[in-house]
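Let me begin by presenting the structure, written as structure tokens, before commenting on it.
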Amino acid sequence: MNRQDLQLIAEQTNIKHKQYKHKVCVCCGAGCIFSGSKKILQNLQDTVKAQGKKKDIEVVPTGCMGPCNEGPLIKMMPQNTIYQKVKNEMVPAILQSHIIENKPIEKWLLFKNSKQKPFINSLQAPFFKKQRKIVLKDCGDINPESIEDYIVSGGYKALERVLFEMSSEEVIAQIKQSRLRGRGGAGFPTGIKWETVNKYVADQKYVICNGDEGDPGAFMDRSVLEGNPHRVLEGMIIAGYATGASKGYVYIRGEYPLAIKRFELACQQARKSGLLGLNILGSTFHFEVNIRIGAGAYVCGEETALIASIEGKRGNPRPRPPFPAEVGLWGKPTLINNVETLACVASIITHGGEWYAQIGTPKSGGTKVFSLAGKINYSGLIEVPMGTSLREIVFNIGGGIPGGQKFKAAQTGGPSGGCIPAEHLDVKMDYENLVALGSIMGSGGLIVMDETSDMVDVARFFMEFCVDESCGKCVPCRVGTKVLYDILTKICQRQASMKDLEKLEELALFVKATSLCGLGMAAPNPLLSTLRYFKNEYLNYVNLQAALQPS
């Protein structure tokens, strides 16, 4: 395939789609599939065929639409009307009323159970209206298993521009101008990382896409890989061009079979279409991608442990420097970005780094994808500009706390993050602000807790996770996290003293300061943040124990 072929595919696919009067999108992300959306998809296709409407109505499986706890979801286009909790017996009535009679069925519309009147155009609902989709562009609108659908939506145009109109230095300049920072958790400036790999001279360089998403409650990367795998692949190829790499690896958790399947298919389609492999689009650039499946070790989200795992070794971290940009996969210069970071690249190249930088904050350009979970009315996948307040996310987008309960805290950054209390609801969600509060952005998990949540037990839950996931290489993490967990358990069982509480904080700071990698360094964060904002709950446990002691 050459440049002209890419344009021809877009034109032909566009003509094909325009033959239909209506388009019905069925969410086939992992969450909705678990709720039964595959049966809904088949039922829709069979009903449309039986009614003789196959030439008028296009039924398309898509990726995640966002409001995961309302699935199965179907979206009627072009009105953008979403029906929630769809059942097989509802399908004929929806087709008849919505399409044939042009009368949406209000009682089945998305967010019908909210206080507000449901919207015929679901994009006008607060859940969607407050979002800005760049990473999630086309998720929920196109068939993730169709390269033609991706191309007709503008896919691979950024790659074409890079290969024929830009030098590697110009590509990196756009990424630097965008102020894009790594979305995997550390928030390191992406353009600087690309520039560092680019400057090293080697016979082989690599690009690694880190899809080893392991935080409890996090499903951002999984949803992107399931909903728009070509967008991630295009970002990887552009990264390879910019850094001088000719080979790439995508490391995906084994618990994500659908993401693996769809990314494998995307690679096959791209390879067959001349968008992957030798002489991409007729250029002189070569780039190949391989998939590696992780065995579920949380520590392999750390870049040096991930590299070891790809090399066939045990996934243990190593000290840095040297950093992977200099000595990475098989000792060669290696660029590592996570799924969300790479999914931003095509839009930055298409619209320019300055455009992307204007979204977000002065230090953090663009948007951030969050997975909303916990005690919140509308859980699911959202994408908002950097700097959006926590209050906006919880109460406007997420619909607030169910059951009339009050907001107590939000856990960001998973086991490596901290808990943000109600007094900081107006915090602007960016890297610096969250660190100042004792938390981190992390990969984007956001778990909401209400007034019934026990914060000491929350800290114990995350510490138990870190104990289980520690690779055991360094003593502070291997031993320290276990001792911290034991003290927390002792507190929860009302068997602890004030000395135990003092030891808890002292040891947490020691583990944070002396661990080898990010897992151990960040493991005490949930504990330290709950001690900072909810120390009275710890004291209540300890003081009650003291009161129960015989005098």
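Please enumerate the residues belonging to the range 329-342 that are part of a loop (DSSP other than H, G, I, E, B) and crowded, with 24+ Cβ neighbours inside 10 Å. Lay out the reasoning, then the answer.
Within the range 329-342, the first condition is being part of a loop (DSSP other than H, G, I, E, B), and the residues that meet it are 332-333.
Residue satisfying the conditions is PRO333 alone.
Take the range 11-31 and flag every residue that is outside any loop (DSSP other than H, G, I, E, B), at pLDDT 95 or above and not charged (D, E, K, R). Walk me through it before giving the result.
First pass over the range 11-31, keeping only residues outside any loop (DSSP other than H, G, I, E, B): 11-18, 22-27, 30-31.
So of that shortlist, the ones also at pLDDT 95 or above come out as 23-27.
Scanning the range 11-31 gives VAL24, CYS25, VAL26, CYS27.
Of the residues ILE175, ILE192, only one is modelled with pLDDT of 95 or more, surrounded by 24 or more Cβ atoms within 10 Å (Cβ to Cβ) and over 15 Å from the mean Cα position of the chain (by Cα); which?
Working: ILE192 fails: surrounded by 24 or more Cβ atoms within 10 Å (Cβ to Cβ).
Of the residues listed, the single one that is modelled with pLDDT of 95 or more, surrounded by 24 or more Cβ atoms within 10 Å (Cβ to Cβ) and over 15 Å from the mean Cα position of the chain (by Cα) is ILE175.
Considering only residues that are over 19 Å from the mean Cα position of the chain (by Cα) and basic (Lys, Arg), look in the range 112-163 and name the one that is surrounded by the most Cβ atoms within 10 Å (Cβ to Cβ).
Looking at residues that are over 19 Å from the mean Cα position of the chain (by Cα) and basic (Lys, Arg), I get LYS157.
Working only within the range 235-249, note down all residues that are of a type in the set (A, V, I, L, M, F, W, C) and either more than 21 Å from THR196 (Cβ to Cβ) or assigned to a loop (DSSP other than H, G, I, E, B) (or both). If you could, list the steps in order and put the result at the bottom.
Here is the first cut: in the range 235-249, the residues of a type in the set (A, V, I, L, M, F, W, C) are 236-239, 242, 245.
Scanning the range 235-249 gives a single hit, ALA245.
Name the residues in the range 395-410 that are in contact (Cβ under 8 Å) with a residue 40 or more places away in the chain and in contact with a strand residue (DSSP E or B) (Cβ under 6 Å, 6 or more places away or on another chain), would you?
Across the range 395-410, the qualifying residues are ILE397, GLY398, ILE401, GLN405, LYS408, ALA409.
Condition first: part of a loop (DSSP other than H, G, I, E, B) and within 27 Å of the chain's Cα centre (by Cα). Now tell me which residues in the range 100-111 satisfy that. If you could, list the steps in order and put the result at the bottom.
Kept after step one, since they are part of a loop (DSSP other than H, G, I, E, B), are these residues of the range 100-111: 101-105, 110-111.
Listed by number, the residues that qualify are LEU110, PHE111.
Would you mind stating whether LYS55 is in contact (Cβ under 8 Å) with a residue 24 or more places away in the chain, surrounded by fewer than 22 Cβ atoms within 10 Å (Cβ to Cβ) and over 15 Å from ASP138 (Cα atoms)?
Values: in contact (Cβ under 8 Å) with a residue 24 or more places away in the chain: yes; surrounded by fewer than 22 Cβ atoms within 10 Å (Cβ to Cβ): yes; over 15 Å from ASP138 (Cα atoms): yes.
Considered against the rule, which asks whether it is in contact (Cβ under 8 Å) with a residue 24 or more places away in the chain, surrounded by fewer than 22 Cβ atoms within 10 Å (Cβ to Cβ) and over 15 Å from ASP138 (Cα atoms), LYS55 comes out as yes.
Are any of the residues in the range 524-547 of a type outside the set (A, V, I, L, M, F, W, C), under 20 Å from ARG318 (Cα atoms) and without any contact (Cβ under 8 Å) to a residue 60 or more places away in the chain?
no
For LEU372, only one of the following conditions fails: (1) surrounded by fewer than 19 Cβ atoms within 10 Å (Cβ to Cβ); (2) outside any helix (DSSP H, G or I). What is its number?
Single failed check for LEU372: (1).
Residue check: is ALA173 within 27 Å of GLY315 (Cα to Cα), outside the structural domain of LEU8 (by TED's automatic domain parsing) and of a type outside the set (Lys, Arg)? Lay out the reasoning, then the answer.
Working: within 27 Å of GLY315 (Cα to Cα): no; outside the structural domain of LEU8 (by TED's automatic domain parsing): yes; of a type outside the set (Lys, Arg): yes.
Criteria not met by ALA173.
Suppose the filter is among the charged types (D, E, K, R) and within 30 Å of ALA523 (Cα to Cα); does GLU303 pass it? If you could, list the steps in order and put the result at the bottom.
Numbers: among the charged types (D, E, K, R): yes; within 30 Å of ALA523 (Cα to Cα): yes.
Yes: the conditions hold for GLU303.
Here are some conditions: (1) touching a helix residue (DSSP H, G or I) at 6+ places or on another chain (Cβ under 8 Å); (2) more than 21 Å from GLY29 (Cβ to Cβ); (3) among the hydrophobic types (A, V, I, L, M, F, W, C). ILE100 meets all but one. Which one does it not meet?
(1)
The values are calculated or read from the model by the stated rules, or taken from the named source; none is laboratory data. Just so it is clear, the structure is predicted and the values come from calculations on it, not from any experiment. Cβ sites come from the backbone with ideal geometry, for glycine too, and all protein chains shown count toward neighbours.
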